[in-house]
Structures are given as structure tokens and as C-alpha cells.
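Everything on this sheet refers to the single structure shown next.
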Amino acid sequence: MEVNTVTPDAISKIIANPSPDSSEDLPDLVVQVIDLKAVGNRFMFTASDGKQKLKGILQSSFSDMVSSGSIQNLGLIRVLDYTLNDIPNKPEKYLLVTKCESVSPALKAEIKVKEESEDGSAAKRQKQEVDVKAEDTKEAAGIMLKPKQEIVAKSAAQIMNEQRGNAAPAARMGMTRRVYPLASLNPYQGNWTIKVRVTSKATMRTYNNARGEGNVFNVELTDEDGTQIQATMFNAAARKFYDTFQAGKVYYISKGTLKVANKKFSTVHNDYEMTINENSVVEEASDEGVYIPETKFNFVPIDQLGLHVNGKDVVDVIGVVQNVSPTMSIRRKINNEMIPKRDITIADESKKTVVVSLWNDHATTLGQELLDMADQSPVIAIKSVKVGDFQGVSLSAISKSVLKINPDLPESRQLRSWYDSEGKEASLASVGAGMTPSPNGGGRSMYTDRVPISHITSNPSLGDDKPVFFSLKAYISVIRPDQAMWYRACKTCNKKVTEAIGSGYWCEGCQKNEEECNLRYIMVAKISDASGETWVSTFNEQAEKIIGCPADELEKLKSHEGEDNLFQTKLKEAAWEPQTFRVSVAQTEYNNEKRQRVTVRAVAPLDYVAETSYLLGEISKMKASQ
């Protein structure tokens with residue numbers, strides 16, 4: 001039976017070729033893993049060929065192999081690709097393994113190779129022996145068995161000096177471009193070149209801070225292994241490379257720097273993020289893009305978006321376009337700047353719809369293209385959108401969002417087949433309106449953070465920094481009939497309109513005059529539960545569910561008040577029915593006094609089956625905690 005063993009002089013071969021041109025030209029390099037330990041999100045170890053040792057690093061991409069036991073302490077691995085790097089403040093070089101495979105699980109102990117001379121001749125033979133220091137019962141992979149040190153291992157620096165003359169000539173290094181995989185990069189590396197595709201490009205932004213005003217934009221890069229990283233450029237570098245980088249194209253990039261990623265501002269899964277400065281080199285690889293994957297999507301079905309409402313992460317969605325609104329102008333509160341906005345409504349096989357808000361160039365370019373082909377019901381895939389709670393669930397594109405119309409994807413073809421066969425005739429409902437309270441599913445907005453009303457009213461500082469969200473089970477107790485319960489709204493953008501001179505209604509947002517308008521609710525109601533009561537603000541979609549009819553219909557009832565007083569009857573019918581609410585709590589200022597503002601974000605009649613299941617779960621938690 002063949003015995004697993006290390007490659008003789010493997011460490012010498014690695015040091016003689018510190019940066020191989022191609023992994024295909026590497027000799028067989030089998031080493032033993034010694035002193036394997038986790039350091040942060042990486043793994044440190046010592047590579048041994050039985051005679052010499054070299055400290056090494058396994059990136060976080062190998063965590064699955066380590067946790068599954070494929071790579072074990074005292075086990076053997078075959079190194080398939082690597083680089084030998086200098087680490088700041090460290091005297092020796094480190095072996096950075098970028099690709100390897102498991103050869104053997106943990107051996108009983110560390111392999112040692114002895115050198116013995118025969119009859120005084122210069123020839124030496126090697127024999128491998130295992131010096132077992134303790135009982136055989138300690139041969140588990142996690143226990144380190146160290147033999148007596150019979151041979152002093154040379155440092156990497158000593159071996160480098162001894163074998164400098166055998167290193168590959170510089171001319172050979174210049175014959176081909178050494179391209180590093182993104183997974184191999186770390187902040188301690190010096191010179192590297194990567195070959196990547198720009199899968200997402202954000203717009204140029206202007207910022208102001210204590211150091212002054214500046215410009216910034218970022219791109220998301222993907223290499224041939226599918227690894228992604230975010231690269232950011234500031235000021236001079238941003239202006240230099242903004243027009244150079246184009247989404248979908250492939251580039252060689254060198255002379256950038258890496259740092260630990262700030263997950264708050266990064267939407268890709270990588271431990272590091274890249275900064276490209278003014279001296280970085282960016283070269284388009286026009287004829288070599290076929291090997292780099294296009295934009296990768298991880299689609300979330302529309303009926304599952306409720307799980308991501310107001311979350312920190314962005315999501316990818318795909319759907320058939322049902323409606324495209326005209327472009328409208330929105331005034332930013334920060335700087336009063338007017339920016340274009342366009343809303344599109346999409347649907348998928350879950351038979352749910354959701355509104356996606358497009359901004360700036362997305363609204364005016366791709367948005368206009370969608371409007372022109374809206375009658376064809378195109379499929380649109382969107383990467384990186386934020387999930388908000390407007391109308392229960394809503395989506396908003398951000399500067400780095402990627403929009404693809406009728407993409408060549410399996411999901412797109414499947415969606416098109418569904419829509420053409422049955423979707424166009426199916427009854428579709430808004431995902432926000434259809435958020436039935438289910439404690440285990442899409443009703444997360446109705447059951448997450450369930451509190452009594454007294455929790456809100458007894459904490460006047462709630463929502464001081466930013467809005468906070470809670471779920472309530474309560475009753476509508478009072479709807480004042482004398483309040484202004486609706487406003488006249490533009491049919492296009494739903495903003496308030498004023499009566500125009502002559503006839504019709506003027507919309508400031510759309511900058512146009514219309515003959516007709518809609519009535520939309522803006523209603524205040526009091527809700528109550530066993531712990532207390534509070535006033536809440538409700539807007540059109542939620543108020544329609546509470547009242548049971550549109551504002552236009554209720555206005556007609558009010559204008560025909562008679563002995564039956566159907567208007568008052570309608571309001572009374574809405575009271576004292578058990579409801580589940582999702583509310584936001586924020587602070588507003590009125591007459592220099594801070595006040596709590598509670599706004600209904602979603603409402604649904606109480607589902608007794610789901611509520612019983614929720615209460616039983618709460619009882620089980622209470623018993624378990626006792």
C-alpha cells in the first residue's frame with residue numbers, strides 16, 4: 001500500500017520560485033501542515049517537507065476545507081498555486097497558498113527526514129521516520145505531537161540567500177503577465193496585477209467633511225473564479241478613472257492598495273476592499289473578457305422581500321414589468337436639489353408585485369427605455385436594491401444598482417415562459433398589501449418586535465436618532481369625523497394639487513395641469529390595547545384597509561349626509577375590530593417642542609390561527625426561561 005509522504009525538498013523548490021508564472025508549470029509540491037490555527041478570518045500554519053519549514057497563510061476561502069476536516073493539523077496538502085510574500089515587521093517570508101488540495105488527513109506525528117552518508121561518499125540517502133512522542137491515543141487531528149528537534153530548520157531568508165543564484169531569471173518573469181486571483185490578495189502584498197470585470201459602477205458623488213469637499217465613486221470587480229471585491233477611488237483618482245471604467249468590460253489593474261472592508265459601506269462578500277489611487281495602472285483587456293463571468297445575481301422572490309424590510313443588506317430581484325410611470329422631479333431635503341425619479345412595478349411567479357423607484361440616470365435612460373417598451377412587458381433584473389417599508393414593502397435603486405432588460409439568464413427565460421402562459425391573466429397583488437401575519441413567514445413585519453402600546457408611550461425618547469419599528473395588536477378606537485381625512489392628489493405622482501386658474505388642477509411635481517384628480521387619505525386615528533392608547537397617522541393604502549373603501553367613495557357618503565348618516569356609520573364600522581399593525585416611531589418638532597409621531601406602515605385583520613401559533617410560541621419561550 002502506498003504511503004502518503006511529503007515531496008523531498010518541497011520548501012527549497014517553493015523558495016527558488018517565489019512567484020510562479022503559471023500553476024500549470026509547478027512541480028508536485030506536497031507538504032505537511034504544522035501548527036494550524038485560526039487567526040481572525042484566516043489560518044496560520046507552518047509548511048514542512050520534513051527537512052525545512054516555511055510559515056504559511058491560508059485565506060478565509062479555505063475555511064470550509066478546514067472546518068470539514070479536509071485540511072487538518074499534521075495532515076498533508078498538495079500546493080497547486082502560491083506566492084511568497086514579505087510581511088511588514090517580519091524577518092522571514094510567508095507562503096500564501098492560493099490553491100491547494102488535501103492529500104492525507106492528520107498523521108500520527110510530524111514527519112522528519114534524516115540525512116545519512118554511506119561509506120564516506122558524498123551521496124546521501126533519505127529515510128522518513130515518525131517519532132511518536134506520546135500514546136497512540138493522542139493521534140487526533142486537533143492535538144499537536146512535536147518530536148525532538150534533531151535538525152534545525154533554516155529560515156526562509158537563509159534559504160533565499162543560499163539559492164538566489166537558482167532563482168528564475170528576470171527575463172522569464174517579463175515574458176508573461178502574472179495575474180493574481182482576488183482571493184489571494186491581502187494588505188501585506190506589494191506588487192500584484194489582477195484581471196477583473198466591472199460588474200457594477202456607481203455614479204460620481206460629491207462629499208463634504210472636515211477636510212473639505214471631494215469626489216468619490218466605486219466599482220465592483222469580479223475575477224475568473226467569481227470572487228468579488230469593491231474598489232473605491234477618491235478625488236484625482238476618481239476623476240482620472242471615472243470614464244475609463246465601463247460596466248461589463250474587463251481590465252488589468254495593478255498598484256492598488258487593500259484594507260479590511262467596512263461592511264457598512266460594502267455590498268460584496270470580501271474581507272478586504274481596494275483603493276485605486278492616482279498612480280494605479282488600469283489597462284483594458286479587450287480581447288480576453290470571455291473568461292471573466294458577467295454580473296452574478298442572487299435573486300430574492302418578491303413574496304420573500306418582507307424578510308429584508310429596512311435591512312442593512314441590498315438584494316437582487318427579477319420580474320416582469322407591469323407598469324412604468326412618467327419621470328417626476330423630487331426635491332432633496334439636504335440641498336434642495338431636484339432629481340429625477342421614476343417608479344416601475346414588477347411581478348414574478350409568486351403572483352406578487354412590488355414598486356421599484358429608479359433615480360437619476362436610471363430613471364431617465366433605462367427608465368425611458370422601459371416606458372417605450374412597456375406594452376411588451378419586458379423582464380428586468382436588478383442587482384443591489386434597498387428594501388424599504390413604504391406601502392408595506394418597496395424597493396429603491398442605489399447608485400451602484402445594475403439594471404438589465406431581458407437578460408440572457410435561465411431565471412429570465414423561466415419568468416417569461418410563466419408570464420406568457422399564465423402570468424398575464426393571473427390575479428396579482430401587491431406584496432405589501434398581501435403581508436398576511438404569519439409568525440414564521442412573510443409576515444415578519446407584523447410579528448417582529450411585538451410590543452404593547454405602553455412600551456411606546458412610556459418611552460418618549462424612542463426614535464430620537466432614527467425611526468424605530470414595532471408590531472402591535474390593537475383596535476381602532478376613535479376616528480374623528482371632523483378632521484381633514486384626505487387631500488386632492490395628482491393621478492401621476494400622488495402629490496398634492498391645487499385648483500388651477502380657469503379649470504383643472506395644477507401639480508407642482510409634474511409641472512402640468514390635469515382636468516381630474518384623485519382623493520387620497522391622510523388620516524389620524526386612535527388605537528388602543530389593554531396597556532394604553534395612542535394617536536397614529538395613516539396614509540392612503542393603510543387607511544383604505546381600515547375604512548374599507550377609497551377616499552373618493554367616503555367623500556361621496558359625507559356629501560350626502562342625511563338621517564341615516566352613512567359617513568358616520570362607515571367610521572364606526574371600522575372601530576373595535578382586532579388588527580395587527582406595523583408602526584414606525586419618530587421624533588418631530590412642533591413649536592420648539594419634540595413630539596412622538598407614530599405612523600402606520602402596514603395593517604391587516606387579525607389572523608386567529610397565526611396569532612394562536614404566535615402566542616403558543618411565546619408561552620414556550622417563557623417556560624424555557626423559567
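When you scan the range 249-262, how many residues do you find that are part of a loop (DSSP other than H, G, I, E, B) and over 24 Å from residue 403 (Cβ atoms)?
4
Going by the structure shown, is residue 577 loosely packed, with under 13 Cβ neighbours inside 10 Å and acidic (Asp, Glu)?
Against the criterion (loosely packed, with under 13 Cβ neighbours inside 10 Å and acidic (Asp, Glu)), residue 577 qualifies.
Kindly indicate the residue of the range 492-531 that is in a strand (DSSP E or B) and among the polar types (S, T, N, Q) and also farthest from residue 329 (Cα to Cα) among those meeting that condition.
The extreme case among them is 528.
On the basis of being under 37 Å from the mean Cα position of the chain (by Cα), of a type in the set (Gly, Ala, Ser), open to solvent by less than 10 Å² (accessible area, probe 1.4 Å) and modelled with pLDDT of 85 or more, does residue 75 make the cut?
Judged against the criteria, residue 75 is a match.
How about the range 176-200: which of its residues are polar (S, T, N, Q) and in a loop (DSSP other than H, G, I, E, B)?
176, 186, 189, 191
With the checklist (1) free of Cβ contacts under 8 Å to residues at least 40 places away in the same chain; (2) surrounded by 19 or more Cβ atoms within 10 Å (Cβ to Cβ) in hand, flag the one item residue 392 doesn't pass.
Among (1) free of Cβ contacts under 8 Å to residues at least 40 places away in the same chain; (2) surrounded by 19 or more Cβ atoms within 10 Å (Cβ to Cβ), residue 392 violates only (1).
Here are some conditions: (1) farther than 21 Å from residue 602 by Cα; (2) in contact with a Phe, Trp or Tyr (Cβ under 8 Å, 6 or more places away or on another chain); (3) open to solvent by less than 80 Å² (accessible area, probe 1.4 Å). Residue 492 meets all but one. Which one does it not meet?
(2)
In the range 592-599, is there at least one residue being under 34 Å from the mean Cα position of the chain (by Cα) and among the β-branched types (Val, Ile, Thr)?
Yes - at least one qualifying residue is present in the range 592-599.
Taking the range 485-530 on its own, how many of its residues are among the small types (Gly, Ala, Ser) and at pLDDT 85 or above?
Result for the range 485-530: 5.
Being modelled with pLDDT of 80 or more, assigned to a helix (DSSP H, G or I) and surrounded by 19 or more Cβ atoms within 10 Å (Cβ to Cβ) is the filter here; which residues of the range 435-464 pass it?
453, 456
Here is a yes/no grid of residues against (1) touching a Lys or Arg at 6+ places or on another chain (Cβ under 8 Å); (2) open to solvent by 50 Å² or more (accessible area, probe 1.4 Å):
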{"site": "507", "(1), (2)": "yes, no"}
{"site": "511", "(1), (2)": "no, yes"}
{"site": "528", "(1), (2)": "no, no"}
{"site": "536", "(1), (2)": "yes, no"}
{"site": "540", "(1), (2)": "yes, no"}
{"site": "544", "(1), (2)": "no, yes"}
{"site": "547", "(1), (2)": "yes, no"}
{"site": "552", "(1), (2)": "no, yes"}
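Could you tell me whether residue 475 is open to solvent by 50 Å² or more (accessible area, probe 1.4 Å), hydroxyl-bearing (Ser, Thr, Tyr), closer than 20 Å to residue 574 by Cα and modelled with pLDDT of 90 or more?
In short, yes.
The values are calculated or read from the model by the stated rules, or taken from the named source; none is laboratory data. What you see is a predicted model, and the numbers here were worked out from it, not measured in a lab. Don't worry about glycine lacking a Cβ; one is built from the backbone with ideal geometry, like all the others, and counts go over all protein chains shown. Ligands, DNA and RNA are excluded from the accessible area calculation, which covers all protein heavy atoms including side chains. Shrake-Rupley method; radii C 1.70, N 1.55, O 1.52, S 1.80 Å.
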